Amino acid sequence: MQDLKLSKRDEWEAMGFDLNNCPVRSVLDHVGAKWTVLILFELQNGAQRFNALGRALPDISKRMLTQTLRDLERDGMVKRQVFDTKPPSVAYSLTDMGQSLMTPLLGLVGWAEAQMPAVQTARKAYDEQAARL
């Protein structure tokens, strides 16, 4: 008889994971957030100060930038370094874990770029069909 390959979800359920309280989900919730991805892209080339990140992402509020950076720091993807200056200055950089995330993230971006024409075609067809209903 042929072995059936289990889906990742089936594997997790077999190991007793509660899918309603899944640790992978909590990480992906942060990683998949709009601002997280943009901040990670800004940090991939080196450390940035808070205001530089704010200028690079002009439509993010200071509150959202602060919260997203805290979440990334808490998850171990971003390092916050405080410099003993007057006033104190802070720089953010990717940790090794954050840097390791860039490979799959850039792969996803490449996929999205390659698939965008097909997505636009599908959206147009869907919208046209929905308009006829």
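The values are calculated or read from the model by the stated rules, or taken from the named source; none is laboratory data. Nothing here was measured: the structure is a model prediction, and the numbers come from that model. Side chains included, ligands, DNA and RNA excluded: accessible areas come from the protein's heavy atoms. Shrake-Rupley method; radii C 1.70, N 1.55, O 1.52, S 1.80 Å.
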Solvent exposure, largest accessible area first (probe 1.4 Å, DNA, RNA and ligands not counted), of 11, 113, 128: 113, 128, 11
Shape metrics for segment 8-131, restricted to C-alpha atoms - Rg then Dmax, Å: 18.4, 61
Using a 1.4 angstrom probe on the protein heavy atoms only, could you order 103, 95, 68 from most to least accessible area? 103, 95, 68
Gaussian network model of the chain, Cα springs within a sub-10 Å range: biggest mean-square fluctuation belongs to which of 71, 29, 59? 59
With every protein chain left in place, what is the accessible area of residue 97 in Å² (1.4 Å probe, nearest 10)? 100 Å²
Looking only at 44, 115, 67, which one moves most when the chain is put into a Gaussian network model with springs between Cα atoms under 10 Å? 115
Expressed as a percent, the accessible surface of segment 13-100 that is carbon or sulfur, using a 1.4 Å probe and the full set of protein chains, is 50 percent
On C-alpha positions alone, give me the angle between the axis of helix 62-74 and the longest principal axis of the chain, in degrees, nearest 10. 80 degrees
Leaving out same-chain residues fewer than 8 places away, which lysines sit with a Cα under 21 Å from that of residue 34? 62, 79
With only alpha-carbon atoms counted, please give the Rg and Dmax of segment 87-133, in Å. 19.5, 61
Candidates 43, 28, 65; GNM for the chain (alpha-carbon contacts under 10 Å) flags as most fluctuating 28
Helix-derived mean residue ellipticity, 222 nm - over the chain, DSSP H n ≥ 4, -39500 (n - 2.57), to 500: -20000 deg cm²/dmol
Solvent exposure of segment 8-131 as accessible area per residue, Å², 1.4 Å probe: 71 Å²
